[in-house]
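Data first, discussion second: the structure below is written as structure tokens.
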Amino acid sequence: MAEKRRADEANLTKTRVLAELASRDELTGLYNRRHMSELLAQHRLACKRAGDGFAVALVDLDHFKRINDTHGHAVGDSVLRAFAEQAGEVMRASDTIGRWGGEEFIVIYSRSTAHEAAQGAARLCERAAAAVVRAPSGQAVTFTVSVGVTEHAPPESVDSLVERADRAMYEAKSQGRNRVITLPRAGTATTT
């Protein structure tokens with residue numbers, strides 16, 4: 001009986017480890033897109049049931065292709081890891097960040113308005129701009145981010161919410177990068 005219990009516990013531990021690995025981005029250690037999509041759906045349901053609002057931010061590293069082309073993909077990977085580390089240092093424990101794809105990340109700001117999320121995104125923007133990665137040559141490589149923030153507007157879909165955050169992020173890029181743009185429910189953009 002004790003052997004079976006130990007085997008069951010070992011299998012449960014192995015299952016938990018595999019589930020954790022399946023939900024993480026290998027390079028940055030952040031959650032992956034699949035897991036973030038699940039969390040977005042859960043937040044939407046919680047909003048529907050209990051009225052807990054939330055906001056999201058799409059974050060894109062500015063001129064990332066130039067970093068890769070100039071310094072190589074290994075330095076680009078270091079920049080992605082540095083961004084993930086910086087993000088972890090400025091986010092609230094209740095917020096969640098994940099790698100959405102390539103050099104794009106998504107942040108879920110639990111129980112937050114777009115205005116509150118924009119304040120957190122501004123801290124993230126400032127921290128990224130202050131980060132330095134060293135190329136093998138010793139050259140300092142810096143980077144900035146463009147961030148689009150919006151708040152969930154029930155009963156909208158997750159796809160619609162993310163699309164609105166994406167529009168805000170592209171507006172941040174068109175306004176010069178290294179900034180946060182909030183696209184409220186009504187659709188008018190504001191700069192932070």
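Within segment 40-65, restricting attention to residues that are farther than 17 Å from VAL149 by Cα and either of a type in the set (S, T, N, Q) or under 18 Å from the mean Cα position of the chain (by Cα) (or both), which residue is least open to solvent (accessible area, probe 1.4 Å)?
First, pick out the residues of segment 40-65 that are farther than 17 Å from VAL149 by Cα: 41-42, 45-52, 63-65.
The next check asks that each one be either of a type in the set (S, T, N, Q) or under 18 Å from the mean Cα position of the chain (by Cα) (or both); those that pass are 41-42, 63-64.
Working: ALA41: 46, GLN42: 110, HIS63: 78, PHE64: 19 Å².
Among them, the one singled out is PHE64.
Which residue pairs have Cβ atoms under 7 Å apart, sit 6 or more places apart or on different chains, and have a first residue in segment 81-101 that is small (Gly, Ala, Ser) and a second that is in a helix (DSSP H, G or I) and modelled with pLDDT of 95 or more?
Filtered contacts from segment 81-101: ALA87/LEU124; GLY98/ARG33; GLY98/HIS35; GLY98/MET36; GLY101/ARG33.
Would you please name the residue that is surrounded by the fewest Cβ atoms within 10 Å (Cβ to Cβ), looking only at residues in segment 141-178 that are part of a strand (DSSP E or B) and under 16 Å from the mean Cα position of the chain (by Cα)? Please lay out each step first, then the result.
We begin by selecting, within segment 141-178, every residue part of a strand (DSSP E or B); these are 141, 145-151.
Remaining after also requiring under 16 Å from the mean Cα position of the chain (by Cα): 145-151.
On the way: VAL145: 30, SER146: 26, VAL147: 29, GLY148: 28, VAL149: 35, THR150: 30, GLU151: 23.
The selected residue is GLU151.
What residue, among those in segment 129-139 that are touching a helix residue (DSSP H, G or I) at 6+ places or on another chain (Cβ under 6 Å) and without any contact (Cβ under 8 Å) to a residue 60 or more places away in the chain, is surrounded by the fewest Cβ atoms within 10 Å (Cβ to Cβ)? Can you show your working first?
To start, the set of residues in segment 129-139 that are touching a helix residue (DSSP H, G or I) at 6+ places or on another chain (Cβ under 6 Å) comprises 131, 133, 135.
Filter again for without any contact (Cβ under 8 Å) to a residue 60 or more places away in the chain, leaving 131, 133.
Working: ALA131: 16, VAL133: 20.
Applying the filter and picking the extreme gives ALA131.
May I ask you to verify whether GLY88 is farther than 18 Å from ILE67 by Cα, open to solvent by less than 80 Å² (accessible area, probe 1.4 Å), at pLDDT below 95 and in a helix (DSSP H, G or I)? Don't jump to the end; show me each part of the working.
On the way: farther than 18 Å from ILE67 by Cα: yes; open to solvent by less than 80 Å² (accessible area, probe 1.4 Å): yes; at pLDDT below 95: yes; in a helix (DSSP H, G or I): yes.
Here the answer is yes, as GLY88 does meet what is asked.
What are the residue pairs meeting all of these: first residue in segment 34-50, first residue closer than 16 Å to ILE97 by Cα, second residue crowded, with 18+ Cβ neighbours inside 10 Å and of a type in the set (Lys, Arg), Cβ atoms under 9 Å, and 6 or more apart or on different chains?
Going by the 9 Å Cβ cut-off, the qualifying pairs are MET36/ARG99.
The values are calculated or read from the model by the stated rules, or taken from the named source; none is laboratory data. The structure displayed is predicted, hence computed values, not measured ones. No Cβ is skipped: glycine too gets one built from the backbone with ideal geometry, and neighbour counts run over all protein chains shown. Heavy atoms of the whole protein, side chains included, go into the accessibility calculation; ligands, DNA and RNA do not. Shrake-Rupley method; radii C 1.70, N 1.55, O 1.52, S 1.80 Å.
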